[in-house]
1. Where does the longest stretch of the chain lie that holds no trypsin sites (Lys or Arg not before Pro) found in a DSSP loop with 10 or fewer other Cβ atoms within 10 Å?
2. What dipole magnitude, in Debye to the nearest 20, does the stretch 226-341 give about its Cα centre under +1 on Lys/Arg Cβ and -1 on Asp/Glu Cβ?
3. Which cross-chain or sequence-distant (5 or more) residues have an amide H under 5 Å from the amide H of LYS183, H modelled 1.01 Å from N in plane?
4. Please give me, ordered by residue number, the chymotrypsin sites (Phe, Trp or Tyr not before Pro) of the stretch 70-129 that lie in loop per DSSP and have at most 16 other Cβ atoms within 10 Å.
5. Where does helix 195-211 land angle-wise versus the long Cα axis of the chain, in degrees 0 to 90, nearest 10?
6. Separation between the ASP199 and GLU321 pseudo-spin-labels, each 7 Å from Cα along Cα→Cβ, expressed in nm?
7. Roll a 1.4 Å probe over the protein heavy atoms and report the accessible area of PHE198 in Å², nearest 10.
8. Roughly what % antiparallel, to the nearest 5, for the DSSP beta bridges in the stretch 13-121?
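The values are calculated or read from the model by the stated rules, or taken from the named source; none is laboratory data. Computed from a predicted model, the values in this text were never measured in an experiment. FYI the Cβ positions are ideal-geometry reconstructions off the backbone, even for glycines, and counts take in every protein chain you see. Please note that ligands, DNA and RNA were not included when accessible areas were found on the heavy atoms of the full protein model with its side chains. Shrake-Rupley method; radii C 1.70, N 1.55, O 1.52, S 1.80 Å.
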Amino acid sequence: MSCAEPAASCTVGEAATEIGRFAGTTSEAQGWTNEPVGELVRRHFNSVTSQNELKWGRLVRSPGVYDFAHADETVAFAQQHGLRMRGHVLFWHRLNGPPAWLDAELDTGDPEARLRELIREHAHAVVGRYKGRIHTWDVVNEPLAILSDHVDPESIFFQTFARYEDFLDLAFQSAREADPEAKLFLNEIFASVSQASFDGLYALVRGMIERGTPIDGVGFQGHFILSLPEREQLQERLQAFADLGLIVEITELDVSISLLTDSSNPLAAQAEVYRDVFAACHAVSACAGITTWNSHDGATWLDRDAGFAPLGPHAPTLFDEELQPKPSYTAARDALLRPDG
Ligand code: 9MR
């Protein structure tokens with residue numbers, strides 16, 4: 001039975017497969033591939049993103065000493081169940097991004113030269129290990145200061161490289177060398193809702209293309225926790241990068257119901273936001289897919305984040321704490337099958 005028939009009850013992953021796109025979610029803490037979360041993920045999705053286990057700070061406890069156990073679990077699961085794997089993330093200057101030992105390593109006469117070496121080694125060690133098994137990589141995450149059009153001055157990469165562009169180029173070139181087939185993404189947090197952030201990201205990416213940096217795609221994370229997206233504007237912003245010849249994806253979608261408390265039915269209002277985001281991606285042929293951040297409401301990072309937890313409840317995902325599909329799930333799936341319906 002085709003997903004497009006009205007009575008069909010296919011999953012969001014099957015709907016995505018039917019139209020040649022990805023619908024994914026994240027891995028969770030180590031052991032997540034066991035029941036029941038593993039079952040939920042393999043049944044409903046056709047893609048999975050590593051939530052934390054590929055972050056530099058999580059993988060490498062001391063220089064050169066890697067612990068791949070959790071990442072191996074996720075990658076093996078994806079391979080075993082035919083899920084597309086997104087590797088998140090090679091280089092990120094925020095939380096758990098850089099390893100704790102990095103500052104000490106850079107305490108040399110030429111910190112930029114040392115950081116260049118470390119970046120090359122790290123990209124080769126990790127992208128190389130999973131060559132052919134990780135389909136798409138977030139090579140650099142969140143280059144911009146929050147809600148702004150300029151590179152984050154707090155970034156250790158910004159602070160260490162004389163030219164930030166050299167960091168971007170090196171990171172992408174190193175990843176390309178390690179796996180020439182992997183799709184390489186720059187991933188940013190608020191470009192869907194902030195004009196400044198969109199403009200800053202666009203300028204960075206256009207520069208990369210002009211310099212011949214091997215970038216394949218741009219990720220719009222889509223954490224709707226400060227404000228909600230507008231469908232047409234989101235579609236236009238995705239299309240703007242598609243027009244540069246790039247793939248686009250919504251890489252970290254969640255929609256906090258704390259933004260919808262005025263509604264008489266926050267879960268129905270949340271479902272409409274999900275419908276809009278999935279429909280916007282559907283409308284852009286270069287939009288390869290959408291990943292929801294956390295597999296169910298019980299696992300959401302928002303309830304564990306010191307800043308956002310007090311603003312909850314957030315209940316931002318497609319499945320409730322009992323792992324049952326929410327109105328958001330049906331809306332997301334149906335938007336892939338009947339985007340205007
Ligand atoms: O969901 C992730 C959470 O478990 C981690 O503690 C946190 C810090 O590493 O990162 C969260 O994921 C972030 C992602 O890596 C990048 N974009 C923002 C996400 C939410 O903070």
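1. Longest stretch, sites excluded: 1-162.
2. 180 debye
3. Residues meeting the criterion, in which the H sits 1.01 Å from N, are THR136, TRP137.
4. Qualifying residues, ordered by number: TRP101.
5. Approximately 50 degrees, to the nearest 10.
6. A separation of 4.3 nm, rounded to one decimal place.
7. 30 Å²
8. Rounded to the nearest five, the antiparallel share is 25 percent.
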